[in-house]
Amino acid sequence: MSKIFAKIVSTIVSPVLILAVFPYVVILKATGDLSAAFFWTIFSWIFLLAFFVFFLLGIEKGYFSDIDVSKRSQRPLLFTFSIGLSLFYVVFLYFLKAPDILFITLFGLIFGLISMELVNRITKASVHVAAVSAFATALVLGFGPFYLLSFSLVPLVAWARIKTHNHTRRQTVIGFSMGILITLIVYVIFKYMV
C-alpha cells in the first residue's frame with residue numbers, strides 16, 4: 001500500500017506538473033493580471049505538451065526505459081531535448097513580448113537542466129526532489145516566509161522516490177541541494193546583477 005502511495009506522490013508532484021502550474025503562479029505574482037497569468041500558462045502548456053509527446057514516443061521507441069527515466073545513460077537525451085525546447089520557447093516569448101518573469105523562469109529552467117546534465121555524468125540526482133525544492137524556494141523568495149511550509153513536500157517526495165526504488169537517499173539530497181542552489185543563484189543574478 002505504501003508503494004502505491006509513493007507512486008501517487010511521485011506522479012502528483014512530478015517536475016512536469018510543477019512546470020504546469022509555475023507560470024500561473026509567477027505571472028500572477030509579477031503582474032497581478034489574472035488573464036495574463038491564464039494566457040501564458042495555457043501558452044506554456046503547448047510546450048509542455050510537446051515535451052510530453054516526445055517523452056511518450058521515447059518510451060514507445062525504447063529510448064527511455066520507463067516514465068522515470070531510471071537509467072542514467074538515457075537522461076542526456078531527455079535533458080538535451082528539454083534544453084532545446086526551452087530555447088525554442090524563449091524565441092516565442094521574445095516575439096510575443098512575454099512578461100520578464102517568464103524569461104527569468106526559463107533561464108532558471110535551462111540553467112537547472114544544464115546543471116542536472118553535468119551532475120548526471122557523475123551520479124544520478126532526483127529531478128523530482130530538485131523540482132519541488134526549487135519551487136518551494138521560489139515561493140519563499142517571491143511570496144515570503146509563510147511559504148516555508150511548502151518545503152514540507154520535499155521529504156514526502158524524497159521518501160516517495162526512495163520507496164519506488166528510483167533513487168537513493170544520497171540522490172534525493174543531491175536533488176534537494178541542486179533545486180535550492182540553482183534557484184538562489186538565479187534569484188541573486190536577476191535581483192542584484194541584472
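Any residue at all in the stretch 121-132 that's touching a residue at least 24 places away in the same chain (Cβ under 8 Å), surrounded by 21 or more Cβ atoms within 10 Å (Cβ to Cβ) and farther than 30 Å from G62 by Cα?
No, the stretch 121-132 has no match at all.
Out of L17, L49, L28, which single residue is in a helix (DSSP H, G or I), closer than 21 Å to V129 by Cβ and not charged (D, E, K, R)?
Just a single option satisfies the conditions, and that option is L17.
Taking only pairs six or more apart or across chains, which ones have beta-carbon atoms under 7 Å, a first residue in the stretch 181-194 that is within 16 Å of I114 (Cα to Cα), and a second residue that is small (G, A, S) and in a helix (DSSP H, G or I)?
Sorted first by the residue in the stretch 181-194, then by its partner, the pairs are I182/G108; I182/G112; I182/S115; I182/A134; T183/G108; T183/A134; T183/A138; V186/G108.
Just one of F5, F22, F54 is modelled with pLDDT of 95 or more, part of a helix (DSSP H, G or I) and of a type in the set (F, W, Y); which is it?
Only one candidate qualifies: F54.
With respect to the numbered conditions (1) touching a Leu at 6+ places or on another chain (Cβ under 9 Å); (2) without any contact (Cβ under 8 Å) to a residue 12 or more places away in the chain; (3) outside any helix (DSSP H, G or I), which one is the sole condition not fulfilled by S65?
With respect to (1) touching a Leu at 6+ places or on another chain (Cβ under 9 Å); (2) without any contact (Cβ under 8 Å) to a residue 12 or more places away in the chain; (3) outside any helix (DSSP H, G or I), S65 is out only on (1).
Of the residues in the stretch 68-94, how many are among the hydrophobic types (A, V, I, L, M, F, W, C), loosely packed, with under 14 Cβ neighbours inside 10 Å and under 19 Å from the mean Cα position of the chain (by Cα)?
So the answer is 2.
What about K97, is it among the basic types (K, R), on the phi < 0 side of the Ramachandran plot and either surrounded by fewer than 21 Cβ atoms within 10 Å (Cβ to Cβ) or assigned to a loop (DSSP other than H, G, I, E, B) (or both)?
Here the answer is no, as K97 does not meet what is asked.
If I filter the stretch 46-65 for residues that are of a type in the set (F, W, Y), within 18 Å of I104 (Cβ to Cβ) and touching a Pro at 6+ places or on another chain (Cβ under 7 Å), do I get at least one hit?
There is no residue in the stretch 46-65 that is of a type in the set (F, W, Y), within 18 Å of I104 (Cβ to Cβ) and touching a Pro at 6+ places or on another chain (Cβ under 7 Å).
Pull out all pairs, ordered by first then second residue, where Cβ-Cβ is under 6 Å, the residues are six or more apart or on different chains, the first lies in the stretch 34-62 and is hydroxyl-bearing (S, T, Y), and the second is surrounded by 16 or more Cβ atoms within 10 Å (Cβ to Cβ).
Pairs found: T41/P23; T41/Y24; S44/P23.
With the checklist (1) surrounded by 17 or more Cβ atoms within 10 Å (Cβ to Cβ); (2) touching a residue at least 40 places away in the same chain (Cβ under 8 Å); (3) among the small types (G, A, S) in hand, flag the one item G142 doesn't pass.
Going through (1) surrounded by 17 or more Cβ atoms within 10 Å (Cβ to Cβ); (2) touching a residue at least 40 places away in the same chain (Cβ under 8 Å); (3) among the small types (G, A, S) one by one, G142 breaks only (1).
Quick check on S65: is it out of contact with any Phe, Trp or Tyr (no Cβ under 8 Å at 6 or more places or on another chain) and of a type in the set (S, T, Y)?
yes
Report, by residue number, each residue of the stretch 31-45 that is assigned to a loop (DSSP other than H, G, I, E, B) and either under 16 Å from I18 (Cβ atoms) or in contact with a Pro (Cβ under 9 Å, 6 or more places away or on another chain) (or both).
D33
Would you be able to say whether some residue in the stretch 158-175 is under 13 Å from the mean Cα position of the chain (by Cα) and under 19 Å from F79 (Cβ atoms)?
Looking through the stretch 158-175, at least one residue is under 13 Å from the mean Cα position of the chain (by Cα) and under 19 Å from F79 (Cβ atoms).
The values are calculated or read from the model by the stated rules, or taken from the named source; none is laboratory data. Just so it is clear, the structure is predicted and the values come from calculations on it, not from any experiment. Methodologically, a virtual Cβ is constructed for each residue, glycine included, from the backbone with ideal geometry; neighbour enumeration extends over all protein chains shown.
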